[in-house]
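These notes concern the structure reproduced below.
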Amino acid sequence: MHKTLIVTNDFPPRPGGIQAFLHNMALRLDPDRVVVYASTWKRGAEGAAATAAFDAAQPFPVVRDGATMLLPTPRVTRRATALLREHGCESVWFGAAAPLGLMGPALRRAGARRVVATTHGHEAGWAQLPGARGLLHRIGEGTDTVTYLGEYTRSRIAGALSAAAAARMVRLPPGVDEKTFHPGSGGDLIRARLGLTDRPVVVCVSRLVPRKGQDTLIRALPLILAEVPGTVLLIVGGGPYEGALRALAASSGVTDAVRFTGALPWGELPAHFGAGDVFAMPCRTRRGGLDVEGLGIVYLEASATGLPVVAGDSGGAPDAVLDGETGWVVRGGSATDAAERIVTLLRDPALARAMGERGRAWVEERWRWDLLADRLRGLL
Ligand code: GDD
């Protein structure tokens with residue numbers, strides 16, 4: 001039986017898009033044919049308990065390394081090689097190409113017949129740094145296929161690879177579970193719970209880091225409130241930027257119009273998307289292109305829920321929106337651009353509904369996990 005060893009630093013319960021991507025793909029490969037080798041989420045009893053509970057619930061084995069970050073060291077390479085042999089795996093999938101894809105040649109020598117390395121936003125950032133470009137080049141040479149999310153990441157990463165490796169690249173974006181994220185996902189209950197039943201709600205679901213643009217939404221709020229009084233910005237997610245965002249809301253005089261939920265369990269996400277009239281995340285590129293959006297699964301989750309989307313123009317985020325059809329792409333970081341589009345949608349529920357319906361149909365056509373998992377299965 002053909003088995004795949006998935007080697008990754010990005011696996012739940014650690015939250016995030018790469019983690020969601022890998023987990024959903026792993027679930028759609030035959031569970032008897034998957035073994036995951038992953039780093040430990042975080043140290044301490046709480047992290048260990050959450051990790052153990054998560055791993056026990058998976059239909060495939062998850063082998064955890066004691067390190068919180070796997071690097072392609074001799075020790076990690078030996079462990080990956082041993083797992084490959086022990087489980088009789090014939091293919092390897094590096095969930096994020098950089099840097100673990102550097103182990104490709106060693107795993108091939110140990111018997112792997114197919115080696116696939118998937119790239120995300122961060123490899124597009126790497127492709128700009130001279131030293132890291134060299135590593136990406138080596139990863140391309142040591143793997144059969146380097147996958148990419150969309151045209152933006154492909155164009156950046158291909159430039160670091162040899163012509164032959166670039167020609168072998170295959171598009172493999174993440175998808176959406178259209179049965180989990182759907183219109184009528186329980187948003188009314190969330191609105192009632194938060195006391196927002198009759199108020200216009202702009203929802204943003206994401207880790208709280210500067211790139212995502214929750215700060216831009218807070219800066220846009222006074223403009224939005226002037227046009228659509230009573231609007232509330234519902235910020236879902238947790239992260240290091242929360243204190244700065246709360247301070248910005250206070251200094252902008254909009255504390256009463258912003259609700260922070262903190263990080264939520266996966267099961268609560270669909271209803272929180274459903275609590276919005278509009279989904280907005282005006283992400284922006286930072287640090288000279290090193291901190292850039294690869295795609296943005298959240299835009300697709302919002303479309304699947306039937307919401308119109310306002311996205312930023314960072315990296316590959318525009319690939320997740322049909323501009324003018326499922327929503328709009330705005331200049332990341334521009335509060336006035338975001339406010340203008342959000343106000344248009346809040347004032348015109350028929351337009352918002354039409355864009356949401358188009359987004360839902362687009363997800364059903366193009367972004368279902370099942371379609372994308374078939375592609376990965378073919379590569380492996
Ligand atoms: N459980 C939980 N709780 N999930 C959350 C929370 C939360 O509070 N907040 C966000 N999420 C989930 C979202 O629903 C989504 O499934 C995922 O975390 C975030 O994925 P992305 O929107 O894709 O962003 P990312 O920055 O974490 O992911 C990176 O890699 C992705 C895959 O390649 C970026 O480069 C993305 O642009 C890229 O799509």
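The table for this structure:
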quantity	calculated
Close pairs (8 angstrom Cβ cut-off, 6 or more residues apart or separate chains): in the same structural domain as Gly356 (by TED's automatic domain parsing) and within 16 Å of the ligand (Cβ to nearest atom) in the range 203-231, open to solvent by 30 Å² or more (accessible area, probe 1.4 Å) and among the β-branched types (Val, Ile, Thr) anywhere	Arg211/Thr285
Top-ranked residue in the range 101-111 [being free of Cβ contacts under 8 Å to residues at least 60 places away in the same chain and not in a loop (DSSP other than H, G, I, E, B); ranked as farthest from the ligand (Cβ to nearest atom)]	Arg109
Set Ala48, Ala98, Ala82, Ala52: member being out of contact with any Ser or Thr (no Cβ under 6 Å at 6 or more places or on another chain), over 15 Å from His2 (Cα atoms) and assigned to a loop (DSSP other than H, G, I, E, B)	Ala98
Sole residue being in contact (Cβ under 8 Å) with a residue 60 or more places away in the chain and of a type in the set (Phe, Trp, Tyr), chosen from Phe260, Phe279	Phe279
Enumeration of residues in the range 245-297 that are outside any strand (DSSP E or B), of a type in the set (A, V, I, L, M, F, W, C), over 16 Å from the mean Cα position of the chain (by Cα) and surrounded by fewer than 17 Cβ atoms within 10 Å (Cβ to Cβ)	Ala247, Ala250, Leu290
Looking only at the range 328-339, and only at residues there that are touching a strand residue (DSSP E or B) at 6+ places or on another chain (Cβ under 8 Å) and in a helix (DSSP H, G or I), the one that is least open to solvent (accessible area, probe 1.4 Å)	Ala338
Subset of the range 134-155 that is at pLDDT 95 or above and among the charged types (D, E, K, R) - its residue that is nearest to Leu300 (Cα to Cα)	Arg154
All positions within the range 112-135 that are assigned to a helix (DSSP H, G or I) and within 15 Å of the ligand (Cβ to nearest atom)	Gly121, His122, Glu123, Ala124, Gly125, Trp126
Some residue of the range 340-353 being within 15 Å of the ligand (Cβ to nearest atom), modelled with pLDDT of 95 or more and surrounded by fewer than 23 Cβ atoms within 10 Å (Cβ to Cβ)	no
Selection status of Ala106, assigned by TED's automatic domain parsing to the domain that holds Asp32 and either within 20 Å of Arg171 (Cβ to Cβ) or open to solvent by less than 10 Å² (accessible area, probe 1.4 Å) (or both)	no
Residue identified as within 16 Å of the ligand (Cβ to nearest atom) and without any contact (Cβ under 8 Å) to a residue 40 or more places away in the chain among Thr68, Thr51, Thr8	Thr51
Arg366, sole failed condition from (1) closer than 17 Å to Leu295 by Cβ; (2) in contact with a helix residue (DSSP H, G or I) (Cβ under 8 Å, 6 or more places away or on another chain); (3) surrounded by fewer than 22 Cβ atoms within 10 Å (Cβ to Cβ)	(2)
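The values are calculated or read from the model by the stated rules, or taken from the named source; none is laboratory data. What you are looking at is a predicted structure, and each value in this text was computed from that prediction instead of being measured. Using ideal geometry, Cβ is built from the backbone for each residue, glycine included, and neighbour counts are taken over all protein chains shown. The area values use the complete protein model at the heavy-atom level, side chains included, leaving out ligands, DNA and RNA. Shrake-Rupley method; radii C 1.70, N 1.55, O 1.52, S 1.80 Å.
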